[in-house]
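**Q** Okay, handing you the structure first.
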Amino acid sequence: MFAKRNATTVVLLIILMTLSISPCLAAPRNIILMIGDGMGPDVSKAAGAYKFGPEYHAFGGQSYLVMEKLKSHLYVTTFSIEGKYDPGWNNGNKEYPKRRPTDSAAAATALATGVKTFDGAIGVDQQKKPLVNIMEIARQKGLKTGVVTTVPFCHATPASFAAHVGNRSDYNLIAGQMLFESKLDLIMGGGHPEAFKKGQEYTYLSQDDWVSLKSSSTLYKLAESREDFKALAEGAKHAKVFGLFKGGSLKYRLADGSGAAPDQPTLAEMTAGALSVLEKGNGFVLMVEGGAIDFANHANNLNQSIGETLGFDEAVATVINWIETHGGWQENLLLITADHDTGYMHNVKPGPAGTLPTVSWGTDGKWLSHTNRLVDLYYQGSGSEILEKLARELLDFERGKVKVIDNTDIFKTMFEALKAGKPSADAGAYSLRRAA
Ligand SMILES: [Zn+2]
């Protein structure tokens, strides 16, 4: 009798759940955007070459990085409002990608707000007017929001998902906005005052903001030690968490997995903690950045570039494992991309697995090391069809016939996916411009 009644209830529940989903579009409960800063296609190829040697798929083998195992792939154009991308590379000029590449701030603002802007802009348009970002829209829908990075928490990429400032170097201002105005549920990154020598402690957080955070006068519970981060992953007890590891950035992870500081969390550990904080609610939007891949490429440091990329890939594995036990791909949308290519790495040739491949760098010290080359987007989950509609085919000088979207289309995809979700009481009409 009870069994029969329960079965009827289950059937009714399934019917109700089906009815509540929009007939035209699947809507994810959670959206996770992962950004490898400066992780151009040859950067991940070098990581694959190191990990698998000739067995890597790019050299005819069967082995893939974790991020490459996602169901779908597109390429992405990354230029800022000051640039453009000609797929023909101006009649095959190999110097072409060095022309007016984006910086991380303009690229992250495009990803976070769908608007192309100038280099250095954090969540503002060309007139320095604040733009609504995807986290603010998610919060309107009653979702939780968070950002995680391996570099200072108020660096360009996470900042563009939380602040509105005309100059990416105004760290104190950006940090203050993130801490007191963004209403993010979770912020994780570096920039800890105790990691800097005297006189530079408050490069990122101002002294006043640090005192507020430390004395629990903000909304956030402070996590600092690696143990704090690991405890979060095992079950977060606080709704709002500020994870500030002791360091400016995480110490570089090298290709063989060594190099990381034992008292700092890994990106994968931070990501696990972030998921644990954000999963207690009605869904969330999370941005996770591997921020130091860019730094390593600027320095043409292959060992660090591969190490940081593999550390990022481990965080991807953490996310996929979490998705598999939290609603699967029907309830989650995972997007993995880069904000731009850094270092113009190319010509990757593998040695045996576990040895550094040979590569060529395009850097000659005369340009800023970012390029306009297409970057990867790996994606899977509910809402993927939005991206497929936005993609267009083109013949690229470097990549051949490929399907491409623009970085602003990643915002559009997240926006459409959120819109398709169940409306919350306070959602109303979305204001795509912030009130003054
Ligand atoms: Zn960048």
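**Q** Among DSSP beta bridges whose residues both lie in the chain, state the antiparallel percentage, nearest 5.
**A** In the chain, approximately 40 percent of DSSP beta bridges are antiparallel ones.
**Q** With +1 on each Lys and Arg Cβ and -1 on each Asp and Glu Cβ, and nothing else charged, work out how big the dipole of the range 200-308 is about its Cα centre, in Debye to the nearest 20.
**A** It works out to roughly 260 debye.
**Q** Another one. Choose one of GLN200, ALA417, ASN172: the residue whose Cα lies farthest towards the positive end of the charge dipole of the chain (beta-carbon charges +1 Lys, Arg; -1 Asp, Glu; about the Cα centre).
**A** Most positive-ward Cα: ALA417.
**Q** With θ taken as phi - 60° and the coefficients 6.51, -1.76 and 1.60, list the Karplus ³J(HN,Hα) couplings across the range 114-126 in order, rounded to whole Hz; mark glycine and proline as x.
**A** x, 10, 7, 9, 8, 4, x, 6, 10, x, 10, 8, 4
**Q** Run the helix sum for the chain: -39,500 (n - 2.57) per DSSP H stretch of 4+ residues, divided by residue count, reported at 222 nm to the nearest 500 deg cm²/dmol.
**A** Rounded to the nearest 500, the figure is -10000 deg cm²/dmol.
**Q** So what are the ³J(HN,Hα) numbers for the range 224-237, from phi and the Karplus equation (6.51, -1.76, 1.60; θ = phi - 60°), rounded to whole Hz, Gly and Pro as x?
**A** Values per residue, Gly and Pro as x: 10, 7, 4, 5, 4, 5, 5, 5, 4, 4, 7, x, 6, 9 Hz.
**Q** Separate question: Among 194-201, 329-336, how do they line up by average Cβ neighbours within 10 Å per residue, starting with the highest?
**A** Values: 194-201: 11.0, 329-336: 21.6.
Ranking the peptides 194-201, 329-336 by packing returns 329-336, 194-201.
**Q** Positive end of the charge dipole of the chain (Lys, Arg +1 and Asp, Glu -1 on Cβ, about the Cα centre): tell me which of LEU356, THR157, SER72 has its Cα farthest that way.
**A** Of the candidates, SER72 comes out farthest on the positive side.
**Q** What does the charge count near VAL285 come to, summing +1 for each Lys or Arg and -1 for each Asp or Glu among other residues with Cβ under 11 Å from its Cβ?
**A** On the way: positive: ARG29, ARG139, LYS141, LYS144; negative: GLU136, ASP185.
Once positives and negatives cancel, what remains is +2.
**Q** For each pair in LYS221/LYS251; LYS45/LYS94; LYS98/LYS144; LYS116/LYS251, compute the distance between the two Cα atoms and list the pairs where it is over 28 Å.
**A** Details: LYS221/LYS251 24 Å; LYS45/LYS94 19 Å; LYS98/LYS144 38 Å; LYS116/LYS251 32 Å.
Those over the limit are LYS98/LYS144; LYS116/LYS251.
**Q** Work out the length of the dipole vector of the range 33-420 about its Cα centre, built from +1 on the beta-carbon of each Lys and Arg and -1 on the beta-carbon of each Asp and Glu, and round it to the nearest 20 debye.
**A** In debye, rounded to 20, the range 33-420 gives about 360.
**Q** Let me ask something else. Name the residues whose placed amide hydrogens come within less than 5 Å of the amide hydrogen of GLY290, ignoring near sequence neighbours (fewer than 5 apart) on the same chain.
**A** Those lying under 5 Å, H to H, from GLY290 are ILE35, GLY36, ASP37.
**Q** A further question follows. Measure out, as a whole number of angstrom, how far apart the alpha-carbon centroids of the range 115-171 and the range 247-314 sit.
**A** First find each Cα centre; the distance between them is then 20 Å.
**Q** Just how large is the dipole of the range 56-109 about the Cα centre, in debye to the nearest 20, putting +1 at every Lys and Arg Cβ and -1 at every Asp and Glu Cβ?
**A** So the dipole magnitude of the range 56-109 works out to roughly 80 debye.
**Q** If you take the square roots of the eigenvalues of the alpha-carbon gyration tensor of the range 273-326 and sort them as a ≥ b ≥ c, do you get rounded (a/c under 1.5), prolate (a/b over b/c) or oblate?
**A** Prolate shape, in that a/c is at least 1.5 and a/b is the bigger ratio.
**Q** May I ask you to derive the relative contact order of the range 33-420, considering only C-alpha pairs under 8 Å and at least 6 residues apart, and to give it as an integer percent?
**A** Reported relative contact order: 29 percent.
**Q** Can you tell me the order of 238-247, 167-176 when each peptide is scored by its average per-residue count of other Cβ atoms within 10 angstrom, highest first?
**A** Top of the packing list down: 238-247, 167-176.
**Q** So who's got an amide H within less than 5 Å of the one on THR358, skipping anything under 5 residues away but keeping other chains? H placed 1.01 Å off N, in plane.
**A** It is LYS349, GLY351, by chain and number.
**Q** Can you tell me the Rg and the Dmax, both Å, for the Cα atoms in the range 33-420?
**A** Final numbers for Rg and Dmax: 19.5, 60 Å.
**Q** Most mobile of THR325, THR337, THR150 per a Gaussian network model of the chain (Cα springs, under 10 Å)?
**A** Looking only at THR325, THR337, THR150, the biggest GNM fluctuation is shown by THR325.
**Q** Shifting gears a bit: Under the classification rounded if a/c is under 1.5, otherwise prolate if a/b is larger than b/c and oblate if not, where does the range 85-178 fall, given a ≥ b ≥ c as square roots of the Cα gyration tensor eigenvalues?
**A** prolate
**Q** Rounded if a/c is under 1.5, else prolate if a/b is larger than b/c, else oblate: which is the range 58-121, with a ≥ b ≥ c the root eigenvalues of its Cα gyration tensor?
**A** Numbers: a/c = 2.83, a/b = 1.40, b/c = 2.03.
The shape class here is oblate.
Computed from the coordinates by the stated procedures, all read-outs in this text should not be read as laboratory data. Bear in mind that the values here come from a model prediction, so they are computed numbers and not experimental data. When we count neighbours, we look across all protein chains shown, and the Cβ atoms used for this are built from the backbone with ideal geometry, even at glycine.
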